[in-house]
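A short write-up of the structure that comes next.
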Amino acid sequence: MFKKILIANRGEIAMRIIRTCKEMGIKTVAVYSTADKDSLPVRFADEAVCIGPPTSSKSYLSIPNIIAAAEITNADAIHPGYGFLSENEKFSKVCQEHGIKFIGALPEQIAGMGDKATAKATMIKAGVPCIPGSKGLIKDVKEALSNAELVKYPVILKATAGGGGKGMRIVWKADEMQAAWDSARQEASAAFGNDGIYMEKFIQEPRHIEIQIAGDQYGNACHMSERDCSIQRRHQKLVEETPSPFMTDELRDRMGTAAIKAAKAVKYEGVGTVEFLVDKNRDFYFMEMNTRIQVEHTITEEVINFDLIKEQIKIAAGEKISGKNYLPLMHAIQCRINAEDPLNEFRPSPGKILQYHSPGGHGVRIDTHVYAGYSIPPHYDSMISKLIVVAQTREEAILKMKRALDEYIIEGVKTTIPFHQKLMENPEFNSGNFTTKFMDSFEM
Ligand code: MV4
């Protein structure tokens, strides 16, 4: 087992990783930018190293600075959390070259899944259901038009380097193709320095359901059921829950089997997520594979009674997994509490937290790095905390979430708490019958 892990991240996920390391008897090193010197991970890690100024590119994204911190402190592994360098092929490789275990995917796996057209080709070959579309990249608008005739409108153009909706254009009919093609290419080129585009049939009003998976160094893989992430706004998830209200035992079995196929196809080591779109007929299609721990891993932990960070560390250290799948025993919901103003188009609201009281009691979990007097820096994402509830049924989980939201006091910054309170009262949300279009028409 590792003796000392450096956490190449900040905020709640840095705290989350430190907690598990402590429980495993592993020493921790926090790295921080000058904007985060008063943060909790810096306070609770065994050691802390300043790696630069607030700008991410000069601190949390600086490979040389982070490797130097690992060498100075003699860390034998690096946990990258989510975001920042967690899916950076170069960082995974540089760690390897320095004899430091990267607790995440291998460079080849990051590259293979990071390029969406390549990932899709891999999944088609492995027999994972994919959305009908172009065979790989499209070279010009003429080829786009001929592909669309075969796929049939509406179609969607996607940037191969994309994810998170950038460089994506829906095309409803042929005469919109030229403009969509030009703008998708332009946006992809500017955002990723890669203007490769491929095409798919556009699935209308899908659900976003993802499967948590794990694989070990010996070729074993398992799934840990699903998370429904359909409640998103501009590709930012706001609420996640498991099980999905749309799930059936039969669908879970089919999606779980497909996700395991996906993991085995790339000899996946570690924990990961296979994202699917699910249509109204319960047909599902591979969308992306995330080779990192995700923000919403917490709800899976609650329903299968399992520490996913511990599992990640054990797999990285060479332990075997049993290969058996995990089914949900409970119902869990997570609300992302952000320093944003839901009455003002979710505008960021950084600043000092003047009063802070967090909810508690049976079945309530808060993952956070904040405290009364803490200032949320403007340089990073605006998440304050993750509020997670777990109960026997969906109805009880919603009631518990309402109770917890009522107890939650945060003063000094605007938060998404009022949005979540409104959502928990919403009939459509309560019915469980919602899709990724839900937030388009939500009124505060
Ligand atoms: C799609 C789609 C419909 N049809 N692909 C959005 C982010 C990127 N990862 C893929 N996305 C989508 N791909 C086809 N063929 C609809 C979306 C989409 C979406 C997906 C998941 C969650 C929220 C979404 C919001 C808008 C569009």
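The values are calculated or read from the model by the stated rules, or taken from the named source; none is laboratory data. From a predicted model like this one, the values you see are computed outputs, not experimental measurements. Note: ideal-geometry Cβ built from the backbone for every residue, glycine included; neighbour counts use all protein chains shown. To get the accessible areas, we keep the full protein, side chains included, count just its heavy atoms, and leave off ligands, DNA and RNA. Shrake-Rupley method; radii C 1.70, N 1.55, O 1.52, S 1.80 Å.
When residue 125 is tested against (1) part of a helix (DSSP H, G or I); (2) more than 19 Å from residue 286 (Cα to Cα); (3) open to solvent by 60 Å² or more (accessible area, probe 1.4 Å), exactly one condition is not met: (2). Filtered by the rule that a residue be over 25 Å from residue 286 (Cβ atoms) and under 18 Å from the mean Cα position of the chain (by Cα), the stretch 63-80 gives a lone residue, 79.
One residue alone among 13, 18, 78 is surrounded by 18 or more Cβ atoms within 10 Å (Cβ to Cβ), part of a strand (DSSP E or B) and at pLDDT 95 or above, and that residue is 78. The single condition among (1) farther than 29 Å from residue 214 by Cα; (2) touching a Ser or Thr at 6+ places or on another chain (Cβ under 9 Å); (3) crowded, with 20+ Cβ neighbours inside 10 Å that residue 105 does not meet is (1). Here residue 299 fulfils each of the conditions (1) open to solvent by 20 Å² or more (accessible area, probe 1.4 Å); (2) assigned to a helix (DSSP H, G or I) apart from (1). Restrict the check to the stretch 204-215 and report whether at least one residue is surrounded by 13 or more Cβ atoms within 10 Å (Cβ to Cβ), under 20 Å from residue 288 (Cα atoms), within 16 Å of the ligand (Cβ to nearest atom) and over 24 Å from the mean Cα position of the chain (by Cα). Checked the stretch 204-215: no residue is surrounded by 13 or more Cβ atoms within 10 Å (Cβ to Cβ), under 20 Å from residue 288 (Cα atoms), within 16 Å of the ligand (Cβ to nearest atom) and over 24 Å from the mean Cα position of the chain (by Cα). Just a yes or no: is a residue in the stretch 190-197 without any contact (Cβ under 8 Å) to a residue 24 or more places away in the chain, more than 13 Å from the ligand (Cβ to nearest atom) and open to solvent by less than 60 Å² (accessible area, probe 1.4 Å)? No, every residue in the stretch 190-197 fails to be without any contact (Cβ under 8 Å) to a residue 24 or more places away in the chain, more than 13 Å from the ligand (Cβ to nearest atom) and open to solvent by less than 60 Å² (accessible area, probe 1.4 Å). With respect to (1) open to solvent by 40 Å² or more (accessible area, probe 1.4 Å); (2) within 16 Å of the ligand (Cβ to nearest atom), the lone exception for residue 421 is condition (2). From the residues in the stretch 24-44 that are touching a helix residue (DSSP H, G or I) at 6+ places or on another chain (Cβ under 7 Å) and closer than 25 Å to residue 350 by Cα, which one is surrounded by the most Cβ atoms within 10 Å (Cβ to Cβ)? The residue in question is 31. Every residue in the stretch 240-276 that is in contact (Cβ under 8 Å) with a residue 40 or more places away in the chain, over 26 Å from residue 367 (Cα atoms), in contact with a Ser or Thr (Cβ under 9 Å, 6 or more places away or on another chain) and open to solvent by 20 Å² or more (accessible area, probe 1.4 Å), please. 246, 252, 265, 266, listed by residue number. If you go through the stretch 371-397 and keep only what is β-branched (Val, Ile, Thr) and open to solvent by 10 Å² or more (accessible area, probe 1.4 Å), you end up with 376, 390, 393. Tell me, which residue of the stretch 61-75 that is outside any helix (DSSP H, G or I) and touching a strand residue (DSSP E or B) at 6+ places or on another chain (Cβ under 8 Å) is farthest from residue 317 (Cα to Cα)? Only one residue fits best here, namely 62. For residue 168, the conditions (1) within 13 Å of the ligand (Cβ to nearest atom); (2) surrounded by fewer than 21 Cβ atoms within 10 Å (Cβ to Cβ); (3) in the same structural domain as residue 312 (by TED's automatic domain parsing) are fulfilled apart from (3). Scanning the stretch 81-99 for residues that are open to solvent by 10 Å² or more (accessible area, probe 1.4 Å) and part of a loop (DSSP other than H, G, I, E, B) yields 82, 83, 84, 87, 88, 98, 99. In summary, residue 156 fulfils each of the numbered conditions (1) surrounded by fewer than 17 Cβ atoms within 10 Å (Cβ to Cβ); (2) assigned to a strand (DSSP E or B) with the single exception of condition (1). Among the residues making up the stretch 145-159, a single one is away from the ligand (no atom under 12 Å from the Cβ) and touching a Ser or Thr at 6+ places or on another chain (Cβ under 8 Å): 147. Restricted to the stretch 404-444, and to residues there that are assigned to a loop (DSSP other than H, G, I, E, B) and of a type in the set (D, E, K, R), the residue that is farthest from residue 234 (Cα to Cα) is 414.
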